[in-house]
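Notes for the one structure printed next.
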Amino acid sequence: MKRICMIILCFVLCLCSCSDVYRYTSTEFYSMTTFVNVISDGDGNFDNVENYAKDFENRISRTKSDSEIARLNKDGSAVLSEDTLSILKKSLEIAVNTDGAFNPCLGTLSELWDITSGKEYVPDKGEIETALKNTSYEEVKIEGNKVTLPKGMKIDLGGVAKGYALQKMVEIESSEKDANVCVSIGGNVGVRGSSKANRENNKEGWNVGITTPFDKNELSGTLTLTKGFVSVSGAYERFFEKDGKVYHHIFDSKTGYPAQSDIASAAVINNDGLEGDALSTALFVMGSTKAIEFYKENKYNFDMILVLDDGDILITKGIKDKFTVNSSAKGIKSDIKVID
Ligand code: AMP
Ligand code: MG
């Protein structure tokens with residue numbers, strides 16, 4: 001499994017320092033089909049964070065047969081725990097607000113494509129049309145804690161689960177110990193406080209590297225943040241290539257195919273892990289013109305960095321001073337365009 005540059009950068013900035021005044025420790029474990037990395041100056045015991053991630057995955061994963069979501073998908077109806085229900089409700093609300101660019105009801109489609117299985121299967125038009133009939137998020141019924149899906153629909157919370165868990169893990173690690181923390185999982189990073197290296201240099205914050213979509217070993221730039229979440233979605237994360245075409249894991253719920261847009265990667269920077277995760281997926285599907293319109297509608301409080309296929313970088317004004325572009329990275333242009 002590949003690890004993203006963000007993890008490496010956090011590590012490098014923490015471990016390459018000489019003094020031991022600031023005692024940071026770290027851990028890494030596997031959860032939600034990716035590596036979770038935690039760095040903190042807390043007490044060095046990461047059991048609570050790790051247990052949270054594992055319990056959460058057991059509840060939410062569509063592929064773990066005992067999970068709440070797998071039961072709901074199998075039976076078409078289930079009583080959910082408060083927490084799982086609130087994640088589903090929030091996801092459905094984001095589906096409405098993004099006009100389906102983010103859609104948590106794409107389970108049947110995700111299953112059909114099964115992008116990460118290694119099968120490299122491209123479904124035919126008929127199969128896609130049938131799967132698409134089962135993705136109408138407006139038709140999910142919620143009465144109290146009981147959720148009922150229309151026949152054939154399956155829920156897939158893969159677009160929000162990591163972001164939600166990320167926020168919980170940062171909260172567990174920081175609030176219990178008042179610690180400086182950086183957690184990364186898949187394309188998402190959450191921070192609070194400052195890294196060891198920055199503190200030793202009398203600087204604040206964590207330097208979070210954003211992987212360029214054009215080369216997984218390079219960064220398109222670095223963000224310095226003292227608090228918040230960075231969620232990145234891109235076609236380069238999970239995909240297969242067949243007959244010269246790339247098929248990736250983020251679907252356009254209007255076509256049923258992997259989304260085709262002018263965005264190579266979309267990063268959302270905000271203070272809500274679930275929202276950031278969902279919105280990065282949604283922006284990627286929208287493409288840059290709609291993504292900018294959506295940003296200007298102010299439905300959600302967030303900043304974004306869009307790296308376009310042609311190497312242009314669009315960045316919203318709220319974070320322009322916190323981002324340093326890496327213009328030497330392959331395919332990246334140095335003149336950043338700022339969106340007001
Ligand atoms: P992310 O990597 O956060 O962009 O999320 C991608 C994951 O979310 C995929 O692996 C699917 O499980 C799921 N997904 C794919 N397309 C969508 C979409 N348009 N809306 C919501 N979830 C999606
Ligand atoms: Mg996402």
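Between 56, 229, 284, the residue with the greatest mean-square fluctuation in the GNM of the chain (Cα pairs under 10 Å linked by springs) is 56.
Within the shell defined by Cβ-Cβ distances under 13 Å, the residues around residue 67 carry a net charge of 0, with Lys and Arg each +1 and Asp and Glu each -1.
For the chain, the per residue solvent-accessible surface stands at 44 Å², with DNA, RNA and ligands left out and a 1.4 Å probe.
Across the alpha-carbon atoms of the chain, the computed radius of gyration and Dmax are 19.6, 63 angstrom. Quick check: net charge around residue 179, other residues with Cβ under 10 Å of its Cβ, Lys/Arg +1 and Asp/Glu -1? Around residue 179, the surrounding residues sum to -3. Between 103, 45, 201, where does the largest GNM mean-square fluctuation fall for the chain, given springs only between Cα atoms within less than 10 Å? Maximum among the listed residues: 201.
Which percent of the accessible heavy-atom area of the chain goes to carbon and sulfur, probe 1.4 angstrom?
46
When the chain is treated as a GNM with alpha-carbon contacts under 10 Å, the residue of 289, 212, 108 showing the greatest mean-square fluctuation is 289.
The values are calculated or read from the model by the stated rules, or taken from the named source; none is laboratory data. Predicted model, so just to flag it, every value in this text is computed and none were measured. With ideal geometry, Cβ positions are generated from the backbone for all residues, glycine too; neighbour counts draw on all protein chains shown. We work out accessible area using only protein heavy atoms, side chains counted, and drop any ligands, DNA or RNA first. Shrake-Rupley method; radii C 1.70, N 1.55, O 1.52, S 1.80 Å.
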